[in-house]
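Written below as structure tokens is the structure these notes are about.
The values are calculated or read from the model by the stated rules, or taken from the named source; none is laboratory data. Quick caveat, the model's predicted, so the values are computed rather than measured. Here Cβ is always computed from backbone atoms with ideal geometry, including for glycine, and neighbour counts include all displayed protein chains. Note: accessible area is taken over every heavy atom of the protein model, side chains too, but ligands, DNA and RNA are not part of it. Shrake-Rupley method; radii C 1.70, N 1.55, O 1.52, S 1.80 Å.
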Amino acid sequence: METLQILQQREFRILAAAAGISELYGMGGGEPLSQQEVMYGLHELVQRGVLAGDGQEFMFCEPFRTIFHALKDADRLLVVTGRGQDMQDFCIYQGEKPVLLEESRQDADAVRVGVYEPEALYELLEERGFLPRAYVPMDIALLQKEEELTEALTKQTRAYLEKSLQADLPEEAEEQIIARYLLYDLKREQKREPFKAFYLLENPCNYWIAEKDSQTLSYLQYDQQTLYEKILASLR
């Protein structure tokens, strides 16, 4: 794993623009920066050793060259959000290697960004609370039928799961939908809309997974490996 780097939101936007990245998903865009702000920011980044330049041309220093090259070349995006106390929202831009992007909890108006090895995704999801331990072993969880789950879902939760993948989570469904895993194809024309989503559903017997694309909605019994493998397959 590369060391996670902390950048102010303004710095991150300047570097993204300098790398030729015109659109980024999974984080707020903020107010447009003036030319003066951009130039001042570039010179600050040179002073910090993030960029090297002579005032006319700027080059990325490592590890930022690797980070922003990977961001630019990413073809899939995973946006993970949750309401659990231990859950920390983050994004993964997936190309040759995954790039983690998340808001910094310790630094105001800042992001943390870093390049990981491909096999690190499981650890990232687990560390940030998005692969919780199942309540019971799978052989016991399988005793609960899908019909029992769907009957326990509220009208608002069922309606939300049947809506478009981009729909905002209503307050009435928050008790039953613990986390969302939204997947985007950054190379297709409709890249602003997720092509697939997974939802972690609360249930007294065990968690369940709702899997949804533009055509279908299905439910799966939850365990950590099942959810991870589903997400991983969608990122490829």
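Restricting to region 124-161, give me the number of residues that are open to solvent by 30 Å² or more (accessible area, probe 1.4 Å) and within 22 Å of residue 84 (Cβ to Cβ).
Filtering region 124-161 down to residues open to solvent by 30 Å² or more (accessible area, probe 1.4 Å) leaves 126-127, 133-140, 142-143, 145-148, 150-152, 154-156, 158-159.
With the extra rule that they be within 22 Å of residue 84 (Cβ to Cβ), the set shrinks to 126-127, 133-138, 152, 154, 156, 158.
Adding up the residues that qualify gives 12.
Checking residue 99 against (1) touching a helix residue (DSSP H, G or I) at 6+ places or on another chain (Cβ under 9 Å); (2) touching a residue at least 60 places away in the same chain (Cβ under 8 Å), only one condition comes out false. Which one?
For residue 99, the exception is condition (2).
Okay, residues lined up against (1) under 26 Å from residue 126 (Cβ atoms); (2) modelled with pLDDT of 95 or more:
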{"position": "165", "(1), (2)": "yes, no"}
{"position": "193", "(1), (2)": "no, no"}
{"position": "205", "(1), (2)": "yes, no"}
{"position": "212", "(1), (2)": "yes, yes"}
{"position": "218", "(1), (2)": "yes, yes"}
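Of the residues that sit in region 162-201 and are in contact (Cβ under 8 Å) with a residue 24 or more places away in the chain, part of a loop (DSSP other than H, G, I, E, B) and open to solvent by 90 Å² or more (accessible area, probe 1.4 Å), which one is farthest from residue 152 (Cα to Cα)?
So, considering only residues that are in contact (Cβ under 8 Å) with a residue 24 or more places away in the chain, part of a loop (DSSP other than H, G, I, E, B) and open to solvent by 90 Å² or more (accessible area, probe 1.4 Å), the one farthest from residue 152 (Cα to Cα) is 187.
Is it true that some residue in region 71-85 is at pLDDT below 90, in a loop (DSSP other than H, G, I, E, B), closer than 30 Å to residue 173 by Cβ and not polar (S, T, N, Q)? Full working, then the answer.
So in region 71-85, the residues at pLDDT below 90 come out as 83-85.
Applying the additional criterion that residues be in a loop (DSSP other than H, G, I, E, B) yields 83-85.
With the extra rule that they be closer than 30 Å to residue 173 by Cβ, the set shrinks to 83-85.
If we keep only those that are not polar (S, T, N, Q) too, we end up with 83-84.
Yes: region 71-85 contains one or more residues that are at pLDDT below 90, in a loop (DSSP other than H, G, I, E, B), closer than 30 Å to residue 173 by Cβ and not polar (S, T, N, Q).
Scanning for something open to solvent by 40 Å² or more (accessible area, probe 1.4 Å) and on the phi > 0 side of the Ramachandran plot, does region 93-107 turn up at least one residue?
Applying the first criterion (open to solvent by 40 Å² or more (accessible area, probe 1.4 Å)) to region 93-107 yields 96-97, 103, 105-107.
Those left that are additionally on the phi > 0 side of the Ramachandran plot: none.
So far as region 93-107 goes, no, none of its residues is open to solvent by 40 Å² or more (accessible area, probe 1.4 Å) and on the phi > 0 side of the Ramachandran plot.
Considering each residue of region 205-216, count those that are of a type outside the set (Lys, Arg) and touching a helix residue (DSSP H, G or I) at 6+ places or on another chain (Cβ under 8 Å), and give that number.
Here is the first cut: in region 205-216, the residues of a type outside the set (Lys, Arg) are 205-211, 213-216.
Narrowing further to those that are touching a helix residue (DSSP H, G or I) at 6+ places or on another chain (Cβ under 8 Å): 205-206, 208-211.
Within region 205-216, residues that are of a type outside the set (Lys, Arg) and touching a helix residue (DSSP H, G or I) at 6+ places or on another chain (Cβ under 8 Å) number 6.
With the requirement that a residue be open to solvent by 30 Å² or more (accessible area, probe 1.4 Å), over 20 Å from residue 72 (Cα atoms), at pLDDT 75 or above and not aliphatic (A, V, I, L, M), what does region 8-44 give you?
Result: 34, 35, 36, 37, 40, 43, 44.
Being in a strand (DSSP E or B) and more than 17 Å from residue 182 (Cα to Cα) is the filter here; which residues of region 86-105 pass it?
The answer is 103, and nothing else.
Give the residue that is surrounded by the fewest Cβ atoms within 10 Å (Cβ to Cβ), with candidates limited to residues of region 202-236 that are touching a residue at least 12 places away in the same chain (Cβ under 8 Å), assigned to a helix (DSSP H, G or I) and over 17 Å from the mean Cα position of the chain (by Cα).
Within region 202-236, the match that is surrounded by the fewest Cβ atoms within 10 Å (Cβ to Cβ) is 226.
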